[in-house]
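Here the structure is laid out as structure tokens; the discussion comes afterwards.
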Amino acid sequence: MTEKTVTPTVNSAGYDVPPELRQSVAITTLDKIWNMGRRYSVWPMMFGLACCAIEMICTAASRYDLARFGMEVMRPSPRQSDLMIVSGTVTKKMIPQIVRLYNQMPEPKYVMAMGACASGGGPFKEGYNVVSGVDQYIPVDVYVPGCPPTPQALLHGLMKLQEKIDRESITKVRWYQKDEIPAIPVPILGPDIIDPRDNAAIREMASRKAAPAAPAAQPETAEAPAA
Amino acid sequence: MSEQTPVKEAPANPPTELEKRFPGAVKRDERAGYEGHIVEVAKLHEVAAAIRDEMGYDFLSSVTAVDYYSEAPEGENFIEVVYHLYKSTGGGALVYRVQVPRDDAVVPSLVDLYPGADFQEREAWDLYGVKFEGHPDLRRILLWEGFAGHPMRKDWKEPYFEEDVKPFKNRWPEGQVYRIEDRNPVGKNVSYPQGFDPEGFQETDDPRMYESLERSSQDFVERIDTEQVVVNLGPQHPSTHGVFRMAVRMHGETIVGLKPVMGYLHRNHEQIGERNTWTMNMPFTDRLDYLSSMSNNFGYALAVEKLIGEKAAPPERAEYIRVIMAELTRISNHLWAIGFLLNDLGAFFTPALYAIEERELILDIFEATAGSRMMCNYFRFGGVARDLPEGILPKIKDLVTDRLPRKVEELDLYLSANELVRSRGEGVGVITPEEAIAFSAAGPVLRASGVPYDVRRADPYSIYDRFKFDVTVRQHGDVYDRYMIRIDEIYQSLSILRQALKDIPEGEIMNGKNPYQVRVPAGESYGRVEGPKGELGFYIVSTGKANPHRYHVRAPSFINLTILEKMCVGQKIADVVVNLGSIDIVLGEVDR
């Protein structure tokens with residue numbers, strides 16, 4: 001690195017380094033160093049759900065080469081990974097496992113919703129077994145649009161994640177706070193998927209419904225005509 | 001288009017062969033647009049056994065249910081179970097069906113005659129609530145035990161239900177978009193039976209599955225008095241090719257029982273397909289077997305074109321483009337399959353990297369032609385969506401005559417004789433030809449077991465009868481042969497491609513205009529193609545409206561999995577992933 005670029009980009013803590021020391025001394029913040037290490041070693045979980053997983057594999061393969069970002073180390077175990085790429089349609093049958101995997105990941109952990117399905121249900125949103133967006137259950141950091149997103153789009157999403165990491169500060173991030181981060185309750189496969197956080201609302205909803213066959217989502221303003 | 005119905009006699013009165021053989025039990029289906037026969041429910045098993053043993057229809061291709069429901073009391077109200085059968089020596093379909101009342105849908109199971117009906121009957125039970133009497137393990141397969149209702153029935157409405165058919169009228173009421181989840185009290189895609197209390201609810205799916213696993217490994221338990229271990233592989237497992245789960249019961253390292261658990265990617269393809277218009281379904285078929293979207297397009301287009309008839313016959317150039325795209329798809333799929341089979345064998349990612357490199361070149365062609373790498377959405381009823389772009393043909397020619405043969409030979413050279421591949425593959429997961437046919441295995445799995453059955457040859461569609469190619473076949477039925485057959489098929493596909501590229505004419509690519517809506521006459525049709533994974537069938541029923549009444553996919557990956565337990569029992573746990581890899585499943589198609 002040249003002298004010019006060292007001073008403004010790394011030395012941004014407000015200290016003026018004397019010119020004779022600029023070749024060997026750099027003053028920066030702990031946050032910067034911390035984040036730099038973190039942003040170049042985001043290990044994704046080897047975790048594919050559907051079509052998007054194929055594009056994720058292609059991103060990791062030779063042509064797009066995820067290794068350029070230090071992200072080629074795909075870990076099959078959630079315990080060793082930093083990033084969960086939710087690559088595909090999230091179904092009701094699968095969401096308990098996804099939440100469980102998310103809980104098993106150590107902090108700091110990031111979640112990327114890859115593709116339309118993981119972001120909001122996508123083309124399959126109306127399906128009876130489809131969760132319309134993984135963010136209904138676990139927090140998402142980056143959404144990548146596309147069906148499926150091309151490898152370029154995924155790479156763009158990963159760079160956005162890096163930018164997000166750059167803005168973190170170790171004094172503020174939640175995993176260095178005193179309080180313990182509670183695990184997300186794992187949904188249960190009942191007559192329909194049950195999110196334990198919604199128990200009260202579910203009881204409410206089940207008690208006031210009149211016709212058992214009618215859908216819950218039937219709007220009050222009955223626009224839906226009979227077939 | 002080829003005529004696929006040898007049993008469909010002239011519409012005159014003389015009784016058909018089947019009617020003569022089973023007087024009273026079988027009658028011809030008289031409805032317009034329908035083929036085949038209606039069998040008395042009580043006689044189904046007897047008739048099916050005779051059809052298999054006397055007439056030689058040994059390959060049960062598809063079993064599915066159709067719900068004929070009308071709210072009016074005098075309307076038709078029954079569930080129909082449709083069977084499509086073929087001879088493993090080739091030829092057209094034999095169709096028979098049974099009709100049962102909706103509130104008491106009980107049909108004798110055919111699993112003892114055709115073990116390949118196992119998963120399909122479970123699926124019909126799961127989605128339609130048809131009880132198959134005598135089925136050894138009638139559990140839900142795509143959803144879970146305890147799910148409320150049978151969702152494919154026409155009177156079952158999903159939580160996000162808006163209207164019966166698309167396009168929805170109220171997408172923009174008063175010029176304002178609304179999100180359907182805002183109208184749900186929980187804000188999610190859920191609904192519960194009245195009075196349901198979520199507190200302290202216990203799941204019942206897994207216990208029932210373990211019970212069934214224990215039952216299937218019972219005789220082993222009695223003979224040897226040791227403790228057995230149950231291991232779950234998946235749904236999050238790097239070697240299950242997606243969200244597939246296997247519960248394996250082991251004695252030491254030897255497998256005594258295996259139950260596949262699926263449905264983790266069940267995204268209601270068929271139900272959404274019945275809300276969609278005919279054309280709207282095309283992009284959805286891309287997402288079935290997402291490694292070979294062009295083949296899926298092909299199958300669906302064929303099924304619908306068959307129903308529309310001459311009006312939708314694709315012009316010559318379109319037929320050639322279709323074949324070229326389908327065969328390129330086959331190559332790209334097999335490259336992927338080989339790469340990831342090697343992955344499962346322990347050669348982590350290196351062979352896959354080389355295979356993906358070639359696949360990317362094929363995807364480039366798809367991107368140039370259809371606009372998307374994976375989800376091509378390229379076929380239309382009566383042709384293809386757009387013509388080949390300028391300059392793409394030389395590119396394909398280059399790939400097909402030079403680069404791909406070279407690279408496939410390279411893969412073949414380095415992998416096929418490899419000691420590790422051979423010792424992990426030879427004699428592992430052996431399937432005899434009889435078993436393969438009985439279990440309705442299709443595609444490479446069937447042909448690797450010594451059954452030379454290829455839909456392109458056995459029941460030619462499109463213009464496949466013009467090309468010279470060998471139906472690849474291997475004799476041992478083990479993992480190694482299932483690997484080798486894919487290499488063989490790549491060579492055959494390259495040969496077809498070379499012929500097609502030589503002969504491709506200029507001209508139209510669509511029969512008429514590419515319509516926004518198609519009119520499909522009432523009736524049913526079953527279109528099938530030889531997809532890269534095996535026989536891919538689309539069963540559609542039209543009532544003459546803008547939307548399909550029934551839209552069913554006979555997914556080769558799904559049905560090939562029926563044989564997985566048989567393949568694995570008696571083998572070591574390490575062979576399970578290899579066996580699974582050699583079937584080459586794609587979860588989008590397994591779970592739909």
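Where a number appears in this text, it was derived from the coordinates with a stated rule and is not lab data. Since we're looking at a predicted model, the values are computed, not measured. Don't worry about glycine lacking a Cβ; one is built from the backbone with ideal geometry, like all the others, and counts go over all protein chains shown.
In chain B, helical runs assigned H by DSSP with n ≥ 4 each contribute -39500 (n - 2.57); averaged across all residues and rounded to the nearest 500, the mean residue ellipticity at 222 nm is -10500 deg cm²/dmol. Of B:TYR83, B:TYR210, the sequence from fewest to most neighbouring Cβ atoms within 10 angstrom is B:TYR210, B:TYR83. The convex hull of the Cα atoms of region B:1-170, projected and averaged over all directions, covers 12.6 nm². Rounded to the nearest whole Hz, the Karplus-based 3J(HN,Hα) values (6.51 cos²θ - 1.76 cosθ + 1.60, θ = phi - 60°) of region A:24-32 follow the sequence 10, 10, 10, 10, 8, 9, 4, 4, 4, with x at glycine and proline.
Annotation: amide H-H contacts under 5 Å for B:HIS37 (H modelled 1.01 Å from N, sequence separation of 5 or more, or interchain): B:ASP29, B:VAL95, B:TYR96, B:ARG97.
Mark the label point 7 Å from the Cα of B:ARG519 along Cα→Cβ and return the residues of region B:297-340 whose backbone N is within less than 14 Å of it. Zone members listed by number: B:308-312. For region B:369-414, the Kirkwood estimate of the hydrodynamic radius, built from every pair of different alpha carbons, is 12.8 Å. Could you list, in their original order, any pairs among A:LYS109/B:LYS572; A:LYS93/B:LYS188; A:LYS93/A:LYS178; A:LYS93/A:LYS164 whose Cα atoms are separated by more than 26 Å? From the list (A:LYS109/B:LYS572; A:LYS93/B:LYS188; A:LYS93/A:LYS178; A:LYS93/A:LYS164), the Cα-Cα distance tops 26 Å for A:LYS109/B:LYS572; A:LYS93/A:LYS178; A:LYS93/A:LYS164. So what is log10(I(q)/I(0)) for region B:286-352 at q = 0.14, 0.17, 0.20, 0.21 1/Å, when the Debye sum runs over its Cα atoms only? The computed values of log10 I(q)/I(0) come out as -0.54, -0.69, -0.83, -0.87.
When the Cα convex hull of the protein assembly as shown is projected onto planes of every orientation, the mean area is 40.1 nm². Of interest is the spacing of the C-alpha centroids, which for region B:59-108 and region B:123-191 amounts to 22 Å. Result for chain A in a Gaussian network model with C-alpha springs under 10 Å: among A:GLN177, A:GLN152, A:GLN136, the largest mean-square fluctuation is at A:GLN177.
For B:LYS395, the lysines whose Cα falls under 18 Å of its own Cα, not counting residues fewer than eight places away in the same chain, are B:LYS407, B:LYS502. Separation of region A:169-212 from region A:114-156 is 20 Å, based on Cα centroids.
The H on the amide N of B:PHE132, modeled in the peptide plane, is under 5 Å from the matching H of B:VAL107, each at least 5 residues off or on a different chain.
Pick out which of A:MET114, A:MET159, A:MET205 has the largest mean-square fluctuation in a Gaussian network model of chain A, springs linking Cα atoms closer than 10 Å. Of A:MET114, A:MET159, A:MET205, the Gaussian network model singles out A:MET205 as fluctuating most.
Kirkwood radius, chain B, all distinct C-alpha pairs, inverse of mean reciprocal distance: 25.0 Å. D for region B:269-591, whole µm²/s, Stokes-Einstein with Kirkwood Rh over alpha-carbon pairs at 37 °C and 0.692 mPa s: what number? Stokes-Einstein gives a translational diffusion coefficient of 165 µm²/s. Each residue of region B:238-247 was assigned a 3J(HN,Hα) from its phi angle through the Karplus expression (A = 6.51, B = -1.76, C = 1.60, θ = phi - 60°), giving x, 9, 9, 6, x, 9, 10, 10, 10, 9 Hz with x at Gly and Pro.
Sketch the reach of a paramagnetic label on B:THR279 as a point 7 Å from Cα along Cα-to-Cβ, and name the residues of region B:124-164 whose backbone nitrogen lies under 16 Å away. Those under the cut-off are none; the list is empty. Residues in region B:29-46 carry Karplus couplings, in order, of 7, 8, 5, 5, x, 9, 10, x, 10, 9, 10, 4, 4, 5, 9, 3, 5, 4 Hz; the curve used is 6.51 cos²θ - 1.76 cosθ + 1.60 with θ = phi - 60°, and Gly or Pro positions show x. In a fully extended conformation the segment linking B:GLU133 and B:GLU310 would gain 59.6 nm over its present Cα-Cα distance, using 0.36 nm per residue.
Computed over every Cα-Cα pair of chain A and binned at 10 Å starting from 0, the pair-distance distribution P(r) comes out as 7, 26, 27, 20, 12, 5, 2, 1, 0 percent.
Between amide H atoms placed 1.01 Å from N, distances below 5 Å from B:PHE381 occur with no residue 5 or more places distant or on a separate chain.
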